[in-house]
Structure formats: C-alpha cells, structure tokens
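The values are calculated or read from the model by the stated rules, or taken from the named source; none is laboratory data. Predicted, not measured: the structure shown is a model, and the values here were computed from it. When we count neighbours, we look across all protein chains shown, and the Cβ atoms used for this are built from the backbone with ideal geometry, even at glycine.
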Amino acid sequence: MTTSENNDTKQEQDSTETDPRSPDAGAEHPNAETDQSENKTDTGDQQRSGSQQSTAEPDLHAICNARVARLELQLREKEKQVDDTLRAYRNVDEEFRRARERLTREQEKEIERQKGKVIAAFFEVADNLERSVTFATPSSPVEGIIEGMRMVHNQFMNKLVELGANTIQPVPGQPFDPDLHEAVGVVAVTDPAKHQTVVQLLRVGYRAGDTLLRPAMVMVGQFAAN
C-alpha cells in the first residue's frame with residue numbers, strides 16, 4: 001500500500017469517528033436523552049410542588065389571621081358589654097342610694113310632723129291646766145278644783161281618742177287576757193268562778209287599732225281549794 005492510500009484510509013476513519021450522523025456516534029451513551037428527560041420531569045414536579053406549597057401557606061396564614069381578628073373583635077365587644085353593664089350597675093346603685101337617703105329624710109320629716117301633731121293636740125289641755133293652777137287659791141272651794149281637774153282629764157282623754165288611741169279598762173270579773181292585761185299580783189278568791197279573772201284595775205291600758213301601746217295593769221283572782 002502506498003503512502004497516499006494510507007492517508008486516505010486514515011481520513012475516512014477520522015471522518016467516521018467524528019461524524020454525528022454515523023450510526024456509531026451515539027453508541028457510547030445510549031441513556032443520555034432518557035436521563036435528561038427524567039431530570040426535567042423531576043425538576044418540573046419540584047417546581048409545581050413548591051408552587052403549591054407556597055400557595056397553600058399564605059392561605060393558612062390568612063385564615064389564622066382572620067380568625068384572630070374576629071376573636072379580637074368579639075373580645076372587644078364583650079369588654080364593651082361588661083363596661084356598659086358595670087356602668088349601668090353603678091348608676092342604678094347610685095340612684096338607689098340617693099333614693100334611700102331621700103326616703104330616710106322624708107320619713108324623718110314625717111315622724112317630726114306626726115310628733116308635732118301629737119304635741120299640738122295637747123296645747124289646749126296644757127292651757128286649761130295652767131289656768132286651773134293660776135286661779136286656784138287656798139280659799140277656792142274644793143268642789144270647784146275637783147270639777148276643773150275632771151274637765152281637764154276628760155279633755156285629755158278626748159284628745160287621745162282623736163289621735164286614734166283607745167283605752168283598755170277591764171272591769172272586775174272580766175277574764176284575764178294576757179294579750180291586753182299585765183298581772184302584777186294575785187288575790188285569793190273563794191269563788192271558783194272568779195279564778196283567773198280581773199279583781200282590780202291598777203292602771204289603764206292603751207292601744208291604737210290592733211297595736212298595743214300599753215297593757216292594763218291588773219290584779220288577778222286565784223282560787224285555792226281547801
């Protein structure tokens with residue numbers, strides 16, 4: 001073989017090795033395209049997963065923030081309701097205190113007015129007593145003095161009746177009533193019918209309507225069989 005033929009053969013071999021269209025050109029890496037495709041697929045999945053995760057996270061934060069904001073709003077509303085309730089309670093308590101003080105003052109004034117009415121009712125009685133004492137002298141007839149005292153006493157009793165007071169004056173033989181009478185002693189009696197009855201009235205009692213002002217002071221009979 002000549003030198004020229006050797007050169008031509010070498011060029012053909014080099015051309016065959018470097019020609020990409022040659023069947024043997026891609027024989028050295030048969031899985032290269034498959035690996036690249038899989039890498040692209042994995043990269044796309046990772047990108048989509050990251051995109052979905054980044055999209056889901058803001059939604060979760062937004063939901064939490066919305067709930068927190070709603071709870072804070074409800075809390076402020078409840079606090080306002082509590083403040084309003086406390087303020088209303090304080091106002092009612094203050095009004096009640098003022099009303100109680102006003103009622104107490106009115107009651108005290110009414111008591112004073114009633115006292116004044118009672119005292120004024122006896123002015124005339126006091127005037128008559130004063131006149132009786134003024135005109136009474138050692139030389140005055142006893143009968144006249146007694147009559148004057150009787151008149152003043154009757155006037156006094158009439159004033160008590162006008163004020164609503166009634167006398168309690170049990171007579172001898174009347175059954176003893178512990179609700180109206182006060183027994184200060186007992187007297188032995190021989191008649192069984194007089195047992196636990198009024199024997200003597202020592203002091204007149206008084207009552208106003210159903211209210212007992214003062215019980216009648218009496219002596220009570222007690223029968224003792226021999």
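For region 112-122, the criterion of being modelled with pLDDT of 55 or more, surrounded by 10 or more Cβ atoms within 10 Å (Cβ to Cβ) and not in a helix (DSSP H, G or I) is satisfied by at least one residue.
Would you be able to tell me the number of residues in region 132-146 that are surrounded by 12 or more Cβ atoms within 10 Å (Cβ to Cβ) and either in contact with a strand residue (DSSP E or B) (Cβ under 7 Å, 6 or more places away or on another chain) or not in a loop (DSSP other than H, G, I, E, B) (or both)? Show your work before the answer.
Of region 132-146, the ones surrounded by 12 or more Cβ atoms within 10 Å (Cβ to Cβ) are 132, 136, 140, 144-145.
Keeping just the survivors that are either in contact with a strand residue (DSSP E or B) (Cβ under 7 Å, 6 or more places away or on another chain) or not in a loop (DSSP other than H, G, I, E, B) (or both) gives 132, 144-145.
So the count comes out to 3.
Given the conditions (1) within 21 Å of Glu124 (Cβ to Cβ); (2) modelled with pLDDT of 95 or more, and given that Val218 satisfies all but one, which numbered condition is not satisfied? In the conditions (1) within 21 Å of Glu124 (Cβ to Cβ); (2) modelled with pLDDT of 95 or more, Val218 misses (1) alone.
Within region 188-204, does at least one residue satisfy the condition of being in contact (Cβ under 8 Å) with a residue 24 or more places away in the chain, out of contact with any strand residue (DSSP E or B) (no Cβ under 6 Å at 6 or more places or on another chain) and among the polar types (S, T, N, Q)? Yes, the conditions are met somewhere in region 188-204.
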